[in-house]
Structure formats: structure tokens, C-alpha cells
Amino acid sequence: MKRVFIHTFGCQMNVNDTMRMTEALASMQYAATPTAESADLIILNTCSIREKAEDKMLSALGRYRQVKLQRGALIGVGGCVAQQEKQKILDKVPYVDFVFGPDNIQKLPEILQRIEADRVRVVETAWVDSESYVFPQADPGTSRGKATEFITVMKGCDNVCSFCVVPHTRGREVSRPFGDVLKEASALTTVGVREVTLVGQNVNSYRGGVSFAQLLLRTAQVPGVERVRFTTSHPHDLSDELIEAFRVEPKIMPHFHLPVQSGSDAVLKRMRRDYTVEQYLERLKKLRAARPGIAVTTDIIVGFPGETDEDFERTVALAEQVRYAGQFSFVYSPRPRTGAAMREAEWGTVEHAVKVKRLDRLNALQKRISVELNAAFVGKTVQVMVEGPSKTDASRRFGRSGQNTVVNFDGDAPAGSLVAVEIGHASASSLSGRQVRVESLPPVMIPEAAALVPESCVVA
Ligand code: SAM
Ligand code: SF4
């Protein structure tokens, strides 16, 4: 048996791709290993959403060079940077043996055979046509030991947000046929999974034979599935039908990640986001009326080209008004071949120090709001899906509320149980309490010694 170590950067799509890589390599007798130093094959599954992610990838490659020198390990680069920068990687890093794009994961065994047979560097970054693209089918065995799992329902993105590199690295949108999604959900329940999260860059524009709302409703009906989540969405695809699904199906969890990006219409226009702040708020109002108590989280970019102090104040005011349960805020990072990078000189670069100050202010605001929102749960009982031992104190248990908040608690329920937890303490990022009742035990007992993520998967 040979050993593979996969270093995963970036989003959940990449984490899922890493699992499919591990499965493809199992057919070549490769088993996952937790350290690069013990590997015969090292793969970097890269992210190019911001420059920092690319820099991290390059510095990791530098570290793995030693393993190549000492053990003769093969080194491959996959994911979004590989797709966009294949030539740069090959030129700059002579010890990389192969480069492959997100559409070429299934070709990994063939790539390795070619390297062994011909001793050449291999590049596989061709797009697969939308019509011919076949989503890798997950092996449920990979998910054994997890109460909650992700299912890829689409790839690529047909939007043209001016800051975003995804359409250049992941190509056009392709939706996975809904029957395949339901089959995968069903297969996952046989190994103990009770909560599934449907993932894609823009899931609510799903077109796999039924609407996205229908897909959620049908997934909720799969026997053994108790909770359904999804990520991530574009506000302009938040349809009335999707809002209605939240009203009628309690298995769809009360959490919606709805990236707004900016609170200024002028900035949204330059970002090519296709909605105004007023339209965004109107959708949100409808959603909150359909599902009272729903937690809404968001992404915000600060320092987008031309963002003035007034624009930024509008973003702060929006965040105050919406009171997001969580916020992922980023400093704008120019990406190659994107519209905003090409027009940055015309629109005006925001100074780095100003960007950082704005980011700090948003983060401080979010911390205050999160503390206030979480404090409201103290003294209340929330339902939690148990995922295993607490990451901060192994004598306690850990899970998530319906709103997707981390809950650490004193209790004994096995992973996969749904329990009622009385909340005693709250912080900005989590709740803490004690188990007062087990509401349902998992039909399949989960061996908790199993890793929560594949051993080879290290998210930077
Ligand atoms: N599809 C989702 C949407 O439309 O809102 C977002 C997916 S994107 C992979 C994740 C987040 O990365 C975005 O919401 C955005 O806030 C951030 N992001 C994307 N490009 C960026 C850039 N050039 N600089 C900083 N942040 C960026
Ligand atoms: Fe990128 Fe999301 Fe816009 Fe698609 S919708 S281009 S993934 S930010």
C-alpha cells in the first residue's frame, strides 16, 4: 500500500473534492496518511479566491520539497490555482510532477500511470463540457463516523461578479441530476449520516431536473435524513418558492447564508451583483416572516475599488440593521482576469491600511451582535445534533443547533443523536449547556474513534 497526503485549501467544495480524490486514489492502492513526511504522494488541493490563499499554497510547496528530496515523493497541484496558473506553477516550481484542474479528479489514476510509465510531467486542466460532465459519485464508506456530511449538487458559476475568480477556475454552472443527489443522501444514511448540507458555488440557481426548493424538499423526505442545510447562495436567486420551502419543511434548518458583499448600491453595481440593498432587505424580510428565528449569515468585502467612507458606512448600517448571526468579511484582493482587477485604476484603489481598519470595525461590530444574539439563548433549551466530543474539552459533547451555532455541553448522547440542551452560557462564537433529554438516538451507531474528516484533509 502506498500513502497519499492531501493538503486542502479553501472552501467546502475543495474539501469534498479531496474526498473524491482519496476515493479515486484508493483504486491505485493509495491509503491516506496524516503527515506529508510519511507520504509517497503529496497533493495540494488549492484555492485562488484571494491572493493570500495562493501565497499559502506556494509556501506549503516549499516545505514539501524536502519530502521529495528525502523520500522521492511525487508532488501534484490540483484545484483552482492549478486550473488558472498551470504554466506559472510548472515554470516556478520545477519539482511539481503534475497539475490537474477541478474537472480532472477522476483522471488521477491515469495521470499517475503516465508519470510512472513515461517519467514526464503531466498537465490535465481541460474543461469537461457541461453536457458530458459526470459528478464523481461519493463512496459512503468515506463518511463513516460522521453524523453530518456535505453533498455536491452543482459546480461552476454563471454569474460574473467583478471581483470573483470562480467562473474562471470552475467554469460554467453544471447541476447534478436530482436523482443522483437523493441516492447519495440515502447512501449516506446507511453509514450513520443524519444531516446533509447541499453544496455548490451558487446552489439556489440549481437546475438538475427540479428547482432548488424542490431538491431541498425531496432531500428532507429521504428516509433517515433528519436535517438539511445548504451553502452558498446568491441573493438574486432567493425565490418565493425557496422561502416557501422554509415555511413548510421543518427539516430544512433555520439558517441561511446570504452573502450581501456591500451595503452600498454604487459598490454593488460595480461588483455586478444584480440587486440593490432595498431588494436584498425585501427578500430577507419575506424569509424571516416565513421562518421566524432563522439565523442569517453573510459575506462582506471591504475596500472594493472605489469604496468611499460613505459606502462603507452604508455597509456598517446594513450590518447593524440586519443583525447577522455571523459574518465572513474579507479585504478585497484583486484576482487575475476579473473585471474589478482590470478596472481598479479607473475606480480607485483603497489603501491597505484603510481596508484593514474597515475590516476591524466590521469584525468588532459582528462580535457585539453575535454576543447579544447568543445571550438570548441563555436559559432556553435548544435542539442539538451531536457530532462527537467537544473540541475544547474532550469530556464534554459537541454539536450544532438548528441555527448552526456550535453548542458544547455536558452529556452522554452518542454522535448522531438529537438532544435537548439547556443553555447556561453564551459567547460570540458558541453556546454552552447541559443535556436535559435525548430526543432521538441514531439508527446507525457511529464509531466515534473514526476521524471527523478524512485523515489526509488539512484545511488551511
Ligand atoms: N457564490 C457566493 C456568492 O455569490 O455570494 C460566494 C462564493 S465565494 C467563493 C466566497 C466569498 O469569497 C464571497 O462571498 C466573497 O465575499 C469572497 N471573495 C470572492 N472574491 C474575493 C476577492 N477577490 N477578494 C476578497 N474576497 C473575495
Ligand atoms: Fe463568485 Fe459567487 Fe459571484 Fe459566482 S455568484 S461569480 S461564485 S461571488
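Nothing in this text is a laboratory measurement; each read-out follows from the coordinates by a stated rule. Just so it is clear, the structure is predicted and the values come from calculations on it, not from any experiment. Note that we place each Cβ from the backbone using ideal geometry, even for glycine, and neighbour counts take in every protein chain shown.
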Quick one: Kirkwood hydrodynamic radius for the chain, alpha-carbon pairs, angstrom, one decimal?
23.3 Å
Sequence ranges 275-281, 323-329, 114-120, 42-48, ranked by mean other-Cβ count within 10 angstrom, highest first:
42-48, 323-329, 275-281, 114-120
In 10 Å bins starting at 0, how do the alpha-carbon pair distances of segment 177-334 split up by percent?
10, 38, 30, 16, 5, 0
Excluding same-chain residues fewer than 8 positions from residue 367, which aspartates and glutamates have a Cα within less than 13 Å of its Cα?
320
If a helix is a whole DSSP H run, which ones in the chain reach 27 Å or further along their own axis (Cα) and hold a mean Kyte-Doolittle hydropathy of at least 0.0?
none
Among 161, 80, rank each residue by its count of other Cβ atoms within 10 Å, from fewest to most, as a rough exposure measure.
161, 80
Quick one: in segment 347-431, what % of C-alpha pairs are over 16 Å apart?
58 percent
Rounded to whole Å and sorted largest first, list the principal axis extents of the Cα atoms in segment 40-98.
32, 18, 17
Highest first, please rank the peptides 407-413, 59-65, 127-133 by the mean number of other Cβ atoms sitting within 10 Å of their residues.
407-413, 59-65, 127-133
Can you tell me what the convex hull of the Cα atoms of segment 71-115 projects to on average, as an area in nm²?
3.3 nm²
Distance from the Cα centre of segment 349-422 to that of segment 151-209, in angstrom?
26 Å
What's the magnitude of the charge dipole for segment 16-80 around its Cα centre, counting Lys and Arg as +1 and Asp and Glu as -1 at the beta-carbon? Answer in Debye, nearest 20.
180 debye
Cross-link pairs beyond the 32 Å C-alpha cut-off, checked among 355/380; 68/357; 183/380; 155/251; 56/285; 56/146
355/380; 68/357; 183/380; 56/285
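Given 0.36 nm per residue, what is the gain on full extension from residue 66 to residue 393 after removing their alpha carbon distance, in nm?
Working: separation 327, 0.36 × 327 = 117.72 nm, distance 3.54 nm.
Gain in length upon complete extension: 114.2 nm.
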